[in-house]
1. So is Ser72 in contact (Cβ under 8 Å) with a residue 24 or more places away in the chain and closer than 25 Å to Ser15 by Cβ or not?
2. Taking the stretch 72-87 as the search range and keeping residues that are part of a loop (DSSP other than H, G, I, E, B) and open to solvent by less than 30 Å² (accessible area, probe 1.4 Å), which one is farthest from Gln25 (Cα to Cα)?
3. Can you find a residue that is in a strand (DSSP E or B) and either touching a Phe, Trp or Tyr at 6+ places or on another chain (Cβ under 7 Å) or among the polar types (S, T, N, Q) (or both) anywhere in the stretch 39-57?
4. Taking the stretch 88-127 as the region of interest, how many residues are open to solvent by 40 Å² or more (accessible area, probe 1.4 Å), within 21 Å of Lys36 (Cβ to Cβ) and of a type in the set (S, T, N, Q)?
5. Would you please name the residue that is farthest from Val31 (Cα to Cα), looking only at residues in the stretch 54-71 that are out of contact with any strand residue (DSSP E or B) (no Cβ under 6 Å at 6 or more places or on another chain) and open to solvent by 70 Å² or more (accessible area, probe 1.4 Å)?
6. Considering the stretch 128-144 alone, what residues qualify as being loosely packed, with under 15 Cβ neighbours inside 10 Å and within 20 Å of Leu43 (Cβ to Cβ)?
7. Pull up the stretch 9-53, narrow it to residues that are open to solvent by less than 50 Å² (accessible area, probe 1.4 Å) and polar (S, T, N, Q), then point me to the one that is nearest to Phe96 (Cα to Cα).
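The values are calculated or read from the model by the stated rules, or taken from the named source; none is laboratory data. This structure is a prediction, so every number in the text was calculated from the model and none was measured. Cβ sites come from the backbone with ideal geometry, for glycine too, and all protein chains shown count toward neighbours. Heavy atoms of the whole protein, side chains included, go into the accessibility calculation; ligands, DNA and RNA do not. Shrake-Rupley method; radii C 1.70, N 1.55, O 1.52, S 1.80 Å.
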Amino acid sequence: MKLSDNFTLNEMIRSNTAVRLNIDQTPSQLVIENLKALCVNTLEPLRYLVKQPINVNSGYRSERLNKAVKGSKTSQHLIGQAADITVSSMPIEYLFKLIINSDIPFDQCIQEFDTWIHISFNPLGNRNQALRAIKVNGRTKYISR
């Protein structure tokens with residue numbers, strides 16, 4: 001099922017961890033609508049801005065999958081409002097700055113550990129929050145851009 005021109009439901013729910021642990025990733029209709037809003041409003045405009053494919057490393061996570069990957073109990077991944085992304089030929093810091101300096105709508109844009117970008121879209125209103133996630137003494141710390 002296509003959620004937008006360049007994104008499918010399968011890529012937004014796919015998880016190697018879910019396959020390995022036999023975790024059902026079947027989303028509810030609300031999750032599908034949230035994923036569609038994320039794709040149409042945020043990921044598609046970003047795809048057109050970077051002019052190349054966006055790799056979705058993690059989109060929707062069922063509660064069981066979120067626990068397995070030690071995700072936040074309040075993660076927007078749980079309701080289909082977030083994706084962790086990369087662009088193959090683009091450094092993460094460059095992608096982060098490109099997003100936050102664009103007019104692409106987002107709720108949160110988090111440059112996580114110089115490895116990926118967590119980007120979310122909330123159809124009920126966006127905070128436009130730009131953060132960096134870093135490890136300090138083994139714990140994750142979020143700092144404003």
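1. Numbers: in contact (Cβ under 8 Å) with a residue 24 or more places away in the chain: no; closer than 25 Å to Ser15 by Cβ: yes.
Taking the combined requirement at face value, the residue does not satisfy it.
2. Going through the stretch 72-87, the residues part of a loop (DSSP other than H, G, I, E, B) turn out to be 72-75, 80-81, 87.
Those still in the list that are open to solvent by less than 30 Å² (accessible area, probe 1.4 Å) too: 75, 80-81, 87.
On the way: Ser75: 16, Gly80: 11, Gln81: 15, Val87: 24 Å.
My answer is Val87.
3. To start, the set of residues in the stretch 39-57 that are in a strand (DSSP E or B) comprises 55-57.
This time we only want the ones that are either touching a Phe, Trp or Tyr at 6+ places or on another chain (Cβ under 7 Å) or among the polar types (S, T, N, Q) (or both), so: 55, 57.
The answer is yes, given that some residue of the stretch 39-57 is in a strand (DSSP E or B) and either touching a Phe, Trp or Tyr at 6+ places or on another chain (Cβ under 7 Å) or among the polar types (S, T, N, Q) (or both).
4. Counting residues in the stretch 88-127 that are open to solvent by 40 Å² or more (accessible area, probe 1.4 Å), within 21 Å of Lys36 (Cβ to Cβ) and of a type in the set (S, T, N, Q) gives 1.
5. Filtering the stretch 54-71 down to residues out of contact with any strand residue (DSSP E or B) (no Cβ under 6 Å at 6 or more places or on another chain) leaves 60-71.
Within this subset, residues satisfying the condition of being open to solvent by 70 Å² or more (accessible area, probe 1.4 Å) are 63-64, 67, 70.
Details: Glu63: 12, Arg64: 15, Lys67: 18, Lys70: 20 Å.
Restricting to residues being out of contact with any strand residue (DSSP E or B) (no Cβ under 6 Å at 6 or more places or on another chain) and open to solvent by 70 Å² or more (accessible area, probe 1.4 Å), the top hit is Lys70.
6. Asn128
7. We begin by selecting, within the stretch 9-53, every residue open to solvent by less than 50 Å² (accessible area, probe 1.4 Å); these are 9, 11-13, 15, 17-18, 23, 25, 27, 31-32, 34-35, 37-39, 42-46, 50, 52.
The next check asks that each one be polar (S, T, N, Q); those that pass are 15, 17, 25, 34, 42, 52.
Details: Ser15: 23, Thr17: 26, Gln25: 28, Asn34: 22, Thr42: 13, Gln52: 15 Å.
Checking each candidate, the answer is Thr42.
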